[in-house]
Amino acid sequence: MREEAPYGGAPQNLKRVRTRHFQNAKRTGIKITGLTSYDQLTARIFDEAGIDFLLVGDSAANNVLGYETTLPVTVDELIPLARAVAGAVSRAFVIADLPFGSYETNSDDAVHTAIRMMKETGAHAVKLEGGERSAEQIRRIVDAGVPVMAHIGFTPQSEHQLGGHVIQGRGAGEDQLLADARAVEAAGAFAVVLEMVPADAARKVTAELSIPTISVGAGPHCDGQLLVWTDWAGLTQGRIPKFVKQYAQIGQTLREAARAWKADVEGGVYPGVENSY
Ligand code: KIV
């Protein structure tokens with residue numbers, strides 16, 4: 001096994017993607033790929049496909065548990081999902097999200113939650129939302145030996161404060177975006193998600209930071225791209241954000257399969273002799 005590709009980045013024959021491969025990718029311009037995953041079946045498939053990191057996002061609140069926003073999901077609800085994902089991969093770097101309410105109150109709470117996530121799931125890093133306001137929490141978690149992916153721009157856990165799903169970093173907001181980016185880098189984050197910010201603002205942040213930027217609707221200039229797998233694969237029902245490109249229509253495929261099976265059962269076609277003992 002080669003530890004490093006000649007060009008840097010995270011080569012396919014790596015045994016395990018590490019934080020240093022995120023850094024190499026930034027240096028060499030190799031794009032980093034990430035998808036969310038909430039279960040062992042998709043985790044294994046995405047890992048085999050060579051996706052560099054899997055995020056057990058608090059978007060599981062909407063996509064697994066059926067909550068309207070990400071706010072209600074708890075640490076106890078995310079832990080079994082993160083354990084399933086971390087246990088299923090061999091190459092991908094697994095990041096567990098810290099849910100709303102589990103790290104904001106003080107940095108002791110943040111360290112406690114991060115350590116729980118690492119001990120009880122086998123994830124390789126944690127992610128939390130917020131720039132300047134979360135810098136102390138990031139610093140304390142990193143000091144405890146846990147890599148942190150930061151998340152700035154549109155932060156879904158603050159959607160009520162932000163007035164809904166609103167693009168961040170526009171106009172005067174660009175200065176705050178840059179300040180947030182500098183703060184999380186200085187606090188020791190190994191990478192930062194930029195969600196729903198104009199491509200030009202993301203370009204400036206990416207040029208200024210020495211840690212990689214990961215775009216979720218932040219355009220092509222970031223060092224990597226991350227999407228919510230259920231949006232990307234056509235499983236999510238309802239509104240899909242403009243920045244998502246769908247690479248499959250799994251929802252339609254499942255609907256057609258369910259209809260065909262129901263018709264076969266009702267018509268006496270299933271089970272056939274070949275499906276019976
Ligand atoms: O939970 C999640 O899926 C996320 C991404 C949208 C960044 O935080």
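The values are calculated or read from the model by the stated rules, or taken from the named source; none is laboratory data. These numbers were taken from a predicted model, which means no experiment stands behind them. Every residue, glycine among them, receives a Cβ derived from its backbone with ideal geometry; neighbour counts consider all protein chains shown.
Key figures for this structure:
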{"item": "Subset of region 90-130 [under 20 Å from GLU185 (Cβ atoms), assigned to a helix (DSSP H, G or I) and in contact with a Phe, Trp or Tyr (Cβ under 7 Å, 6 or more places away or on another chain)]", "result": "ALA110"}
{"item": "Among (1) more than 15 Å from the chain's Cα centre (by Cα); (2) aliphatic (A, V, I, L, M); (3) surrounded by fewer than 24 Cβ atoms within 10 Å (Cβ to Cβ), the one test that VAL73 misses", "result": "(3)"}
{"item": "Strands (runs of 3 or more DSSP E) fully within region 174-245 counting 1 or more residues that are β-branched (Val, Ile, Thr) and touching a helix residue (DSSP H, G or I) at 6+ places or on another chain (Cβ under 9 Å)", "result": "191-195, 213-216"}
{"item": "Identity of the residue in region 29-49, under 15 Å from the mean Cα position of the chain (by Cα) and farther than 11 Å from VAL228 by Cβ, that ends up farthest from the ligand (Cβ to nearest atom)", "result": "ASP47"}
{"item": "Search result, residues across region 173-186 that are closer than 9 Å to GLU132 by Cα, aliphatic (A, V, I, L, M) and touching a strand residue (DSSP E or B) at 6+ places or on another chain (Cβ under 8 Å)", "result": "ALA181, VAL184"}
{"item": "Qualifying residue in region 58-80 (condition: under 23 Å from ARG140 (Cβ atoms) and small (Gly, Ala, Ser))", "result": "no"}
{"item": "Whichever residue in region 139-172 is surrounded by fewer than 20 Cβ atoms within 10 Å (Cβ to Cβ) and of a type in the set (Gly, Ala, Ser) and, among such residues, is nearest to ILE214 (Cα to Cα)", "result": "SER158"}
{"item": "Residue match in region 142-153 (condition: within 16 Å of the ligand (Cβ to nearest atom) and part of a helix (DSSP H, G or I))", "result": "no"}
{"item": "Unique match (being in a helix (DSSP H, G or I), aliphatic (A, V, I, L, M) and within 15 Å of the ligand (Cβ to nearest atom)) among LEU65, LEU81", "result": "LEU81"}
{"item": "Selection from region 9-29 of residues that are at pLDDT 95 or above, among the aliphatic types (A, V, I, L, M) and closer than 14 Å to ARG91 by Cβ", "result": "VAL17"}
{"item": "Test: residue in region 187-200 that is within 16 Å of the ligand (Cβ to nearest atom), over 25 Å from VAL142 (Cβ atoms) and of a type outside the set (Ser, Thr, Tyr)", "result": "yes"}
{"item": "Some residue of region 42-62 being surrounded by fewer than 16 Cβ atoms within 10 Å (Cβ to Cβ) and farther than 20 Å from ALA88 by Cβ", "result": "no"}
{"item": "Residues of region 92-128 that turn out to be more than 16 Å from the ligand (Cβ to nearest atom) and of a type in the set (D, E, K, R), as a count", "result": "5"}
